[in-house]
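The values are calculated or read from the model by the stated rules, or taken from the named source; none is laboratory data. Being a predicted model, the structure only gives us computed values, none of them experimental. All Cβ positions, even for glycine, are placed from backbone atoms using ideal geometry, and neighbour counts span all protein chains on display. The area values use the complete protein model at the heavy-atom level, side chains included, leaving out ligands, DNA and RNA. Shrake-Rupley method; radii C 1.70, N 1.55, O 1.52, S 1.80 Å.
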Amino acid sequence: MGSIGEEELFDQMVRDYYESESNTPNNIPSIIISSRHQSILQGILLEATDFEKQVLERVLMYIRNMGEPSSLKKWVVMRLQIDGYKASLCKTSWVSTSARSKVFQYVGDYEYIEVMMNINNSGKPTRIITDMEFRTQFEVARPTQTYKELIATLPSIFVATEERLNKIVSLICSAAKESLKEKGLHIPPWRKAKYMQLKWFSKNCKKVSVSPSTEMGSQENVEKVIVSRERQRKSWSCGSPSQEDWREAAMFKGETA
């Protein structure tokens, strides 16, 4: 009965925090908040659908065999397009104002990869976001040990639907707020959930054209990529990377123990 009460308490805190920037959960024990952050994050990460896992596997494969592209994100988009995915490189920009004063404005911009997939039978494609630098977006000054451990749980390359991404952004921003408060630091506007969400959900989003010939150098190189892809596909059983493939991809990302 006690655990249910803690869950309800935490859920209410999260709702209050995002509905009003002025609400602060001072009456909630920090130990409950930190443990629940970790538990909820693990649950959200495990919610990944087969479609999200499929895109992630592709991205890891591309990185492992990428050579030296001029732009990593453009390279990944190009490879996804060659493999038949409806992928785009998205550039967002926005202007955000402080809740306390409309005089101060904060300008931001960001890049991520978008893949449109037909996941259900509704006929409406689902937007899957691939972020190549996801974990670094949540780094804060003088983080608490609890916050460090929470961030370490995040993948550096993150693939998710809008719904799952939004859940994680809201959760991590809540944890960042607690970390900064515990260290006696001011919470800057650009660390709040409403600002962070604009990176992936800003209405001002430009889709950048990605040309295989530009990124690969020539049509001959494009054909080599396609041949390499087919060989790789045949070498994998059931289209999934081997343990060695995953280890090499992790080494590239600097995630080895």
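Of everything listed in (1) among the charged types (D, E, K, R); (2) closer than 21 Å to Tyr106 by Cα; (3) under 13 Å from the mean Cα position of the chain (by Cα), the single unmet condition for Arg135 is (2).
Against the numbered list (1) touching an Asp or Glu at 6+ places or on another chain (Cβ under 7 Å); (2) modelled with pLDDT of 90 or more; (3) assigned to a loop (DSSP other than H, G, I, E, B), Pro155 comes up short only at (1). Selection of first residues in region 189-209 that are among the polar types (S, T, N, Q) and of second residues that are part of a helix (DSSP H, G or I), restricted to Cβ pairs under 6 Å at least 6 apart or on distinct chains, gives the following pairs, ordered by first then second residue: Gln197/Val169. The lone criterion from (1) outside any loop (DSSP other than H, G, I, E, B); (2) farther than 25 Å from Trp94 by Cα; (3) open to solvent by 10 Å² or more (accessible area, probe 1.4 Å) left unmet by Lys177 is number (2).
Residues in region 180-198 that are hydrophobic (A, V, I, L, M, F, W, C) and in a helix (DSSP H, G or I): Leu180, Trp190, Ala193, Met196, Leu198. For the subset of region 125-172 comprising residues that are of a type in the set (D, E, K, R) and in contact (Cβ under 8 Å) with a residue 40 or more places away in the chain, which member is most open to solvent (accessible area, probe 1.4 Å)? Within region 125-172, the match that is most open to solvent (accessible area, probe 1.4 Å) is Arg142.
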